[in-house]
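Beneath this line is the structure, given in structure tokens, with notes to follow.
Just so it is clear, none of the values below were taken in a lab; they were calculated from the coordinates. All values derive from a computational prediction rather than experimental measurement. Cβ: placed from backbone, ideal geometry, glycine included. Neighbour counts: every protein chain shown.
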Amino acid sequence: MIQSLDTPAENPPAVFGAMRTVASVLDKIPQSLISLAARIFPAAVFWMSGQTKVEGFHVTDNAIALFRDEYRLPLIDPLNAATDRTRARSNDTKATRRAGRRRLTQR
């Protein structure tokens, strides 16, 4: 027999009870903690991606090869493109952190 979602089942499956329990536990997590995690976890992915392109203060050969072979920019030297893009990504990260701090202090 098919039941609508609006009418309660006489004997609901145990899965629904478990889902309600999990939902009630998750409701107790502060929204600020969820927001913080939503910012940190993607940032870690981008940070690790950037680390594969830089060794110390130098752009890696793999990053240059990426710009030379994959991106194939017609008018820009791959070394200059890799260096400029890496430097710009670093500045983007710094600007994002400053904007986040401004938002936190405005509250």
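Looking at region 10-73, which GluC sites (Glu not before Pro) are in a loop (DSSP not H, G, I, E or B) and have at most 11 other Cβ atoms within 10 Å?
Loop-located and lightly packed - Glu10.
Hey, can you grab everything whose amide H is under 5 Å from the amide H of Thr60? Only 5+ residues off in sequence or another chain; H modelled, so Pro and N-termini drop out.
Those qualifying (amide H under 5 Å, at least 5 residues apart or on another chain) are Val54, Glu55.
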